[in-house]
Amino acid sequence: MRTAFVAAALAGLACVGFGAFAAHGIDDPKAQEWLRTGALYGFVHVLAVFATERLGSRPAPWLFLAGVVVFSGSLFAMGLGGPLWLGAVTPLGGLSFMAGWAALAWAAARAPRS
């Protein structure tokens with residue numbers, strides 16, 4: 001889990017940076033929207049990685065991190081002027097987020113009652 005926590009912390013750092021850039025460093029409204037959306041979804045799922053530690057769900061943190069890379073990363077790239085075809089891969093990151101939540105729900109359902 002240590003590796004996942006380090007990766008999540010670095011992803012959180014990136015999300016804050018891209019969110020700040022959207023607010024203060026870019027004028028294009030569409031680019032701002034992409035950066036804000038990527039930052040919001042990324043940051044929520046970074047926090048979800050830390051929540052997985054309590055339940056010991058092995059695949060969930062990696063699914064959340066993969067979603068941050070693909071979903072948020074594609075939006076960050078487009079917001080910075082990358083090719084618009086990256087928008088076609090963004091939903092794959094969303095599916096990874098959903099799979100992470102499903103894995104977390106499975107782990108929670110199987111956890112012993114306290």
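Only the coordinates and a few stated rules stand behind these numbers; no lab work does. Remember, predicted model here, so these are calculated numbers, not experimental data. Reconstructed Cβ throughout: ideal geometry from the backbone, glycine too, with neighbour counts over all protein chains shown.
Here are the numbers for the structure shown:
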| item | result |
| --- | --- |
| 16 Å tail of the calculated P(r), the chain, as % of Cα pairs | 57 |
| Cβ-Cβ FRET estimate between VAL6 and ASP27, R0 fixed at 30 Å, reported to 0.05 | 0.30 |
| Of the DSSP H helices in the chain, those whose Cα atoms cover at least 20 Å axially and whose Kyte score averages 0.0 or more | 2-24, 29-55, 90-110 |
| Packing-based ranking, highest mean first, of 86-96, 12-22, 66-76 given that Cβ atoms within 10 Å are counted | 66-76, 12-22, 86-96 |
| Sum of -39500 (n - 2.57) over DSSP H runs of 4+, divided by residues of the chain (222 nm, nearest 500) | -25500 deg cm²/dmol |
| Relative contact order of segment 2-110, defined on C-alpha pairs under 8 angstrom at six or more residues apart (%) | 27 |
